[in-house]
Amino acid sequence: MHPISIISLGPGDPELITLKGLRRLRQADAIYCPATVQPDGSLASRAADILRALDIDLAAIRPFPVAMRDDRAAALADYGAAVERIAAECAEGRRVAVTAEGDAGFYSSSGYVSALLAERGLLTERIAGIPAFVACAASEGVVIAEQTEETDVLTTLTSADELLGRVAAGRSVVLMKPSRYASAVKEALAQAPEGVAFHYFEHVGADADRAFYSCRRDAILERRFPYFSLLIVRRG
Ligand code: SAH
């Protein structure tokens, strides 16, 4: 039996998948993609959108519904249902792939799928991908870290001081999922001394009308911080 490929798609720009990931997608008979149920009942999947821009067999795409991010129990049940379908396809000898945005090992819900597959004794292989913060930085020529500088990756902030203290200590900071703690980020923005650079990104790799970047504090303060936003903060 072929191992199930957990394939990192990169952060949105279809050209940012690896050759290895693309090759595995082309070999797959079934490609599972997490999706959200829309008010009209249809399934929306960013991963499936990326796949449709690649030269692969569209008939292989299998979007599976996953409950909203704040309903953990419902989401786990959805992953369980997807794993049932995956296991059944594997048992019939099909090659199965599961997709993840960015890198599959970096804050990815594909980890639940991998864990459930492992519990069933099904073999998986993970294909590395470009995480969003790397693509964000590249899109504007922002340096993430250099020489002996260290980088913190945060998914929450308890206070503005926490962020400013890290930067004052010479660290660069990547803020993931800032929609969850936008007020602390905005407080830090308002208090930061000159010479601290805030790089703010939304929907990197998406269409030009959704993608947004600014390093101007007044412009960033006005943003609503959607789920697909990210900041890189360092001494500028
Ligand atoms: N596995 C992904 C991370 C998923 S966690 C990776 O490797 O990058 C989701 C968070 O990633 C979002 O809240 C946002 O902070 C960031 N993110 C993912 N895609 C993004 C994009 N296209 N533009 C900006 N931020 C993005």
task = State the number of residues belonging to the stretch 196-225 that are surrounded by fewer than 15 Cβ atoms within 10 Å (Cβ to Cβ) and modelled with pLDDT under 95.
result = 4
Residues that are among the hydrophobic types (A, V, I, L, M, F, W, C) and either within 11 Å of the ligand (Cβ to nearest atom) or closer than 20 Å to GLU15 by Cβ (or both), drawn from the stretch 133-147 = PHE133, VAL134, ALA135, CYS136, ALA137, ALA138, VAL142
query = Scanning for something more than 16 Å from the ligand (Cβ to nearest atom), over 28 Å from VAL196 (Cβ atoms) and part of a loop (DSSP other than H, G, I, E, B), does the stretch 97-120 turn up at least one residue?
reply = yes
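Kindly evaluate GLU92 against the criterion of being without any contact (Cβ under 8 Å) to a residue 12 or more places away in the chain and either in contact with a His (Cβ under 6 Å, 6 or more places away or on another chain) or not aromatic (Phe, Trp, Tyr) (or both). Before you say what the answer is, go through the steps one by one.
Numbers: without any contact (Cβ under 8 Å) to a residue 12 or more places away in the chain: yes; either in contact with a His (Cβ under 6 Å, 6 or more places away or on another chain) or not aromatic (Phe, Trp, Tyr) (or both): yes.
So GLU92 fits the description; yes.
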key: Only listed residue being more than 26 Å from ASP70 (Cα to Cα) and touching a helix residue (DSSP H, G or I) at 6+ places or on another chain (Cβ under 9 Å), chosen from ALA91, ALA82, ALA128   = ALA128
message = Of the conditions (1) more than 16 Å from the ligand (Cβ to nearest atom); (2) under 29 Å from GLY12 (Cα atoms); (3) among the aliphatic types (A, V, I, L, M), ILE127 satisfies every one except a single condition; which number is it?
response = (1)
request  = Read through the list (1) of a type in the set (D, E, K, R); (2) surrounded by 14 or more Cβ atoms within 10 Å (Cβ to Cβ); (3) closer than 18 Å to ALA132 by Cα, then give the number of the only condition that GLU15 fails.
outcome  = (2)
message = Given the criteria on the phi > 0 side of the Ramachandran plot and in contact with a helix residue (DSSP H, G or I) (Cβ under 8 Å, 6 or more places away or on another chain), does GLY195 qualify?
response = no
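The values are calculated or read from the model by the stated rules, or taken from the named source; none is laboratory data. None of the values given here were measured: they were computed from a predicted structure. No Cβ is skipped: glycine too gets one built from the backbone with ideal geometry, and neighbour counts run over all protein chains shown.
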